[in-house]
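Working notes for the structure below.
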Protein chains: 2
Amino acid sequence: MIFSDFRLENNLPIYIQIKNYICSLIEKGLIPNGSKLPSSRELSEILGVSRNSVIAAYEELKSEGLLYSIKGKGSFVNADRITPSNGLSIDWNRLENGFSKNANSLDIVKTEIPWSSDLISFKSISPDGELFDMSEFKKSFLSRISIEGHKLVNYGYAQGYKPLIEYLTDYMKKKGSFSKSKSILVTNGFTEAFDLILSTFSEPGDTILCENPTHNTSIKIMKSHGLNIIGFDIENGPDFEDIEKKISENSSNIKFAYITPSYNNPTGNVMTPESRLKFYSIMRKYSIPVIEDGFNEELLYSSSHIFPISSFDTSGNGVIYIGSFSKILFPGMRIGWIYADINAIDKLISVKRCRNIHTSSLDQGILFDYLNSGRFEKYIKKIKRAYGEKFNFARECADKYIKNKYILGDGGLHLFVRLDNIDSRKLLEKCYEKKVIFMPGDLFYIDENGRNTLRLGLSRLSIEDIEKGIKIIGETVDEMYDEMHL
Amino acid sequence: MIFSDFRLENNLPIYIQIKNYICSLIEKGLIPNGSKLPSSRELSEILGVSRNSVIAAYEELKSEGLLYSIKGKGSFVNADRITPSNGLSIDWNRLENGFSKNANSLDIVKTEIPWSSDLISFKSISPDGELFDMSEFKKSFLSRISIEGHKLVNYGYAQGYKPLIEYLTDYMKKKGSFSKSKSILVTNGFTEAFDLILSTFSEPGDTILCENPTHNTSIKIMKSHGLNIIGFDIENGPDFEDIEKKISENSSNIKFAYITPSYNNPTGNVMTPESRLKFYSIMRKYSIPVIEDGFNEELLYSSSHIFPISSFDTSGNGVIYIGSFSKILFPGMRIGWIYADINAIDKLISVKRCRNIHTSSLDQGILFDYLNSGRFEKYIKKIKRAYGEKFNFARECADKYIKNKYILGDGGLHLFVRLDNIDSRKLLEKCYEKKVIFMPGDLFYIDENGRNTLRLGLSRLSIEDIEKGIKIIGETVDEMYDEMHL
């Protein structure tokens, strides 16, 4: 403890001895520049001297410029005039490893156009916060805290909060996916779930089969893990011939298939039940484990009307289902889940514990209460209507204002548009000058395709801005055609 | 969408046609076993038939055993009698990679004695939930939610919630650690912080220098990343000769030093300011970056009286400081932070975004309010008194009841005891029969040492159980000496 070796030694006034002592600590570097000293009351107790002596010593130090005070905060050391020793200097660029290099170079947040309030931004597909019912949310918090508050803020289990695990198991049952040999792991959203699965079961150089295009965050995670990505076409549903061809070309080398059967991001395609069954049968034929991304499945007309691929695996153990509400509900809370074979879950639990011990118990508790009280079902009805209206309106606008376009997808939180002979990066540049931005579609392709596509996220825009923005995009497309004399 | 290809085709009664249609879907496997059908109202709308026809069809299916209903929940498919096709079968053990194998084999939760209510368990050093002031916690929630509720439950920034970042920057300033070229990243507790740093800057086979013994979770994380761990002795403070010897033996090969200067876990040792400065100087001499674990620093007599190693690095960029409140406050919320060079933080942000996007904004918001309102300072005063009393009492008990022991450490949430000629694993076995358990000390050593040590976590035990438990441990030690005729 600092200050513990203070001794009154000579005939100098006590406050001067204190001042000299503190000076020497600062000069030795034991009290760093900018740090806060104890209050005069505290220090007088520690040193065993009167408080007045400490106050006088502090005043001396202030007059010498070695201390300064901030009202209500205390006294701070100003050691600028004492030449600082050279610090430990590290070149962090040299230390960075390959995983970080990938994660950084693929982090589009670092290169994209920053948001500003005068932009009409079609970039986001995160939910419209105005649709959240905060008073219902508050009720869920208060109810859980009154039932088991201490438990929710203390350590929990790596697997998750038990009532939530039970709720989600039941939820998977309603989706027709229940199997006695499967179990739940609660995660920090889809992103962590996907990363954990690859962290546990993949090695750099492994091959993974997926839709082309697919979710750009998923592409980033697969690349960060050093995976070799093979895509199959999905324009008219999954191209099964292409899938079988790619599998036989890569023989037994394919480690996983990754697929988003409902509202593929970016195309918005929804796989038919027949295609889901066929996809499952092919994966079974070649013994390829499937990672199914349940992305926005909850926005489907009724969750009981179309079943996840996981529902065909009730007598198997090969489909790992990733669920998340965060594209529609409270994404700031970061909660998702994995439903998979018990043995696989067991391994994932230890990896999760090694990474961050467990997902916030508080958030799991609130979410459980929100789901279990029936508030979620009410909310889903409301947002399906709200997002459905936006989607239909945006489609009409695109039909009306944008020439030579082809619109993919069956709904969701975004439109995916393909243009004839237009480079969407160039279009974005021109639209940005008119204060409209969107996601260039090439970000979602694992090859050089998609340069003529764009994703228009709708969830956070008003009806007025959707029309205004799409009109500007359409006019800009017209200008580009004019320039090309088309 | 399922049900969309239904057509009325022949002269059979409509309800029979509906029944046959649903039958065929079940037989094709398109409606899985156990899944929920739409309500009769919903299905009548989808099929364009009367609700009565649907009700009659469902009744038929029930009488054939293909459906069953659960009151208030709906109608579910019972396709057991239709032979299920063989599922996709995967051997997850074969797929598991090295990282998972390490994380699993080092996961002590999987092998340790399960907790039961009749045990006196000295295993935990997590905080006593009874000391949490839940009404103050509730106030912080309600105040944040009323100020910016929508923002807290929607997506935030990977770096963290801005008011919390500002608060923590100021907090590091009070610790004397402020540097203009450093910045904060909010993480899911210490565990994620340490894992992110190694995920970003280490490669398998790198060497890391650390205290021996040290935190067993840290050992697990270092081993999972494939690091070669070199320990130095800390029994009488860090052994600087040993440190310099180990550095020169491993020349330029040491990637990081990892150190817990306050209340080293398990020994409870606190490094003096002089030792901290000397340690920093040696690391500077050899250009070895330091990961400083601020573990339980807040429990020190006053946080301004002893400065972290990070405070000597204000003109350097080589110390990465990890802070966390979770050993003392709300660990269920999983919030910690990294304070490091801006360039290093920038890389860590992208890796964090790749792993789980960001830490729960809700939890960050509540914690910020709790800290900023002064509630935290009041709480710290309270727990220092409470844990201090427990620590002193436990020390007295150990002195009174346990023979031939040596107690290390200056306080904190646990005692660390070394015994003469006693194997603490054998002691644990015998104590378990008497319903007392603790952490065998060898878990904290990176070599074969510590077999005669034990860590007694005190934070969650009553004064009565502390005395009762330590008495039983002492009696068991006596019995073991008797058996050995010592």
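The values are calculated or read from the model by the stated rules, or taken from the named source; none is laboratory data. Quick caveat, the model's predicted, so the values are computed rather than measured. Please note: Cβ atoms are built from the backbone with ideal geometry, for glycine as well, and neighbour counts cover all protein chains shown.
Per the conditions (1) facing another protein chain (nearest Cβ under 10 Å); (2) at pLDDT below 95, the sole criterion not satisfied by A:E377 is (1).
Filter the range A:269-282 down to the residues that are buried (at least 22 other Cβ atoms within 10 Å of the Cβ), out of contact with any Leu (no Cβ under 6 Å at 6 or more places or on another chain) and within 9 Å of chain B (Cβ to nearest Cβ), then identify the one that is nearest to A:G412 (Cα to Cα).
A:V270
Residue-level check: of (1) part of a loop (DSSP other than H, G, I, E, B); (2) over 29 Å from B:I366 (Cβ atoms); (3) β-branched (V, I, T), B:I328 misses just (2). Scanning the range A:165-188 turns up one or more residues that are modelled with pLDDT of 95 or more, surrounded by 20 or more Cβ atoms within 10 Å (Cβ to Cβ), within 7 Å of chain B (Cβ to nearest Cβ) and touching a Lys or Arg at 6+ places or on another chain (Cβ under 8 Å). Scanning the range A:430-486 for residues that are under 24 Å from the mean Cα position of the chain (by Cα) and assigned to a helix (DSSP H, G or I) yields A:G441, A:D442, A:L443, A:F444. Every condition in (1) surrounded by 14 or more Cβ atoms within 10 Å (Cβ to Cβ); (2) closer than 30 Å to A:S143 by Cα; (3) touching a Lys or Arg at 6+ places or on another chain (Cβ under 9 Å) holds for B:S100 except the one numbered (2). Name the residues in the range A:147-163 that are facing chain B (nearest Cβ under 9 Å) and of a type outside the set (F, W, Y), would you? Matches in the range A:147-163: A:G149, A:H150, A:K151, A:L152, A:V153, A:N154, A:G156, A:A158.
Check whether at least one residue in the range B:293-310 is free of Cβ contacts under 8 Å to residues at least 40 places away in the same chain, within 27 Å of A:G74 (Cα to Cα), more than 7 Å from chain A (Cβ to nearest Cβ) and β-branched (V, I, T), and report yes or no. Among the residues of the range B:293-310, not one is free of Cβ contacts under 8 Å to residues at least 40 places away in the same chain, within 27 Å of A:G74 (Cα to Cα), more than 7 Å from chain A (Cβ to nearest Cβ) and β-branched (V, I, T), which makes the answer no. Annotation: B:K138 fulfils all but one of (1) within 30 Å of B:L413 (Cβ to Cβ); (2) in contact with a Leu (Cβ under 6 Å, 6 or more places away or on another chain); the unmet one is (2).
Candidates A:N102, A:N97: the one that is within 7 Å of chain B (Cβ to nearest Cβ) and of a type in the set (S, T, N, Q) is A:N97.
Per-residue answers, yes or no, for (1) surrounded by 21 or more Cβ atoms within 10 Å (Cβ to Cβ); (2) under 24 Å from A:E112 (Cα atoms); (3) out of contact with any Ser or Thr (no Cβ under 9 Å at 6 or more places or on another chain):
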{"residue": "A:D399", "(1), (2), (3)": "no, no, yes"}
{"residue": "A:F416", "(1), (2), (3)": "yes, yes, no"}
{"residue": "A:D447", "(1), (2), (3)": "no, yes, yes"}
{"residue": "A:L454", "(1), (2), (3)": "yes, yes, no"}
{"residue": "A:V477", "(1), (2), (3)": "yes, yes, yes"}
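Please verify whether the range B:134-144 includes one or more residues that are more than 7 Å from chain A (Cβ to nearest Cβ) and in contact with a Lys or Arg (Cβ under 6 Å, 6 or more places away or on another chain). There is at least one residue in the range B:134-144 that is more than 7 Å from chain A (Cβ to nearest Cβ) and in contact with a Lys or Arg (Cβ under 6 Å, 6 or more places away or on another chain). For the range B:337-373, the set of residues classified as outside any helix (DSSP H, G or I), polar (S, T, N, Q) and more than 8 Å from chain A (Cβ to nearest Cβ) consists of B:S373 only. Scanning the range B:314-325 for residues that are over 22 Å from A:D107 (Cβ atoms), in a strand (DSSP E or B) and either facing chain A (nearest Cβ under 8 Å) or aliphatic (A, V, I, L, M) (or both) yields a count of 2.
With respect to (1) β-branched (V, I, T); (2) in a loop (DSSP other than H, G, I, E, B); (3) crowded, with 23+ Cβ neighbours inside 10 Å, the lone exception for B:I221 is condition (2). Residue-level check: of (1) of a type outside the set (S, T, N, Q); (2) more than 10 Å from chain A (Cβ to nearest Cβ); (3) surrounded by 20 or more Cβ atoms within 10 Å (Cβ to Cβ); (4) under 30 Å from A:K151 (Cβ atoms), B:L67 misses just (4). Every listed requirement among (1) more than 7 Å from chain B (Cβ to nearest Cβ); (2) closer than 21 Å to B:F307 by Cα is met by A:L30 save one, (1).
Taking the criterion of being hydrophobic (A, V, I, L, M, F, W, C) and within 20 Å of B:N154 (Cα to Cα), the residues of the range A:118-156 that qualify are A:L119, A:I120, A:F122, A:I125, A:L131, A:F132, A:M134, A:F137, A:F141, A:L142.
Is at least one residue of the range B:33-54 more than 30 Å from A:S202 (Cα to Cα), facing chain A (nearest Cβ under 7 Å), among the charged types (D, E, K, R) and in contact with a strand residue (DSSP E or B) (Cβ under 8 Å, 6 or more places away or on another chain)?
Yes, because at least one residue in the range B:33-54 is more than 30 Å from A:S202 (Cα to Cα), facing chain A (nearest Cβ under 7 Å), among the charged types (D, E, K, R) and in contact with a strand residue (DSSP E or B) (Cβ under 8 Å, 6 or more places away or on another chain).
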